[in-house]
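Written below as structure tokens is the structure these notes are about.
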Amino acid sequence: MRLSQTNLILLGLVLGVCIGAMIHSAGSNPEVLAWLSLPGKLFLNLIKCIVAPLVFTMLVVGIGGASDLHSVGRMGLRTMSYFLVVTSLALLVGLAAVNLTHPGVGVNLPAEVDEGVRLISASAKKLTPQQHILNIVPTSIVKAAAENEVLQLVVFSLMFAVAVLKLGAKGKPVIVLCQSIADAMFIFTGFVMKLAPLAVCTAIAETVGRSGFGVLGNLAVLVGTLYGALIAFFLLVLLPIALWIKLPFRRFFSLVREPALLAFTTTSSESALPMALENMERLGVPRRVVSFVLPLGYSFNLDGSTLYLSLAAVFVAQAAGHSLTLGEQLMMVAVLLLSSKGIAAVPRASLVVLAGTLSSFDLPLSGITLILGVDVVMDMARTATNLIGNCFASVVVARWEGVFEERTD
């Protein structure tokens, strides 16, 4: 019996954990770990080279082929309104969870801040409000594509697509060309996805082989709180919306399962973007909607990451013995709501935002040193949540626009 791609990825995950455990017990040889990380890095590099042409061509096809500019503006307003409401609720769920379990109480903060945290803190200081705005607009589309600056790619692609739409009949050849490129990129994605099980296996093996399972001991309550809060977010926020829009649950889960698993095991939303785009279109979300909502969501609808930020910030305050009033916590949520937008391309973006927030509230940066030990485990969950949340958002917007047509192929 031939195994499906999802089953192969799950098999790779299990084998990776076993191989990693054996490597860790043998002493975590750095040379072995370096070679072990290679297939995963090659896979992610291949995925990254797909993102820019796919985002650009699908947005041009989707927006450039729209009936009028008014419909594009209406869809954009609805999409951003949904993102704002849902990410705000995610922050509040994280805040409620950390106040319920108090994972930071009794945890001792490191005496010093390590070099990695200093670099993260330096990146946070560079992200002034003015820099946030400047980061939205690319100075060079080639540079934005090379560095996978998704938000900059989306802004340029949207403006270009609107220009094509304004051309009318003259813009049709551009749309046809972009459609052909997008179709070719989906076939290219199919080739790359053959490597996914091997990439997942080696990435998990390298992670377990380097850190083992003991790292979870001291911060098990924090990790458990995050996973519990994410489950609560799905049940309390997304489930009621899903019932309201009459989401086809079984079909949605069958199509989102594989990209979510890929995002979870690789801790990279980019790795799952091509498959998510294709699968949501198979679900019944029109190309013009899914190609608009998913790339935009990668910067403005990071449900898992925003929930994690409010939880982690209060965790550090608890560990430092700093009692935050309800007003201070709500102010922190407001700061996070603004600062978490538009920096998805920054390495370790969540930690950069966290560092900036801790500094704003005079909380010790050494708390990040503590979190770094289990950040990979938490990153898996929040990355998968980001992916699922954006796939779900594409269905919501399609329903809102009245263009969702459930498919069974």
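The values are calculated or read from the model by the stated rules, or taken from the named source; none is laboratory data. On a predicted model such as this, the values are computed, not experimentally measured, just so you know. Every residue, glycine among them, receives a Cβ derived from its backbone with ideal geometry; neighbour counts consider all protein chains shown.
Here are the numbers for the structure shown:
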read-out: Candidate set from region 151-161 (those that are surrounded by 17 or more Cβ atoms within 10 Å (Cβ to Cβ) and not aromatic (Phe, Trp, Tyr)); member that is nearest to residue 279 (Cα to Cα); value: 154
read-out: Region 1-23 - residue that is in a loop (DSSP other than H, G, I, E, B) and not small (Gly, Ala, Ser) and, of those, farthest from residue 266 (Cα to Cα); value: 1
read-out: Check on residue 107, surrounded by 14 or more Cβ atoms within 10 Å (Cβ to Cβ) and closer than 19 Å to residue 276 by Cβ; value: no
read-out: Of all residues making up region 49-79, the number that are surrounded by fewer than 17 Cβ atoms within 10 Å (Cβ to Cβ) and either charged (D, E, K, R) or in contact with a helix residue (DSSP H, G or I) (Cβ under 7 Å, 6 or more places away or on another chain) (or both); value: 4
read-out: Any hit, region 287-299, residues being farther than 21 Å from residue 76 by Cα, in contact (Cβ under 8 Å) with a residue 40 or more places away in the chain and in a helix (DSSP H, G or I); value: no
read-out: Elements of type helices (runs of 4 or more DSSP H) contained in region 24-118, each with 2 or more residues being modelled with pLDDT of 85 or more; value: 38-64, 69-101
read-out: Set 307, 330, 283: member being closer than 30 Å to residue 361 by Cβ and at pLDDT 90 or above; value: 307
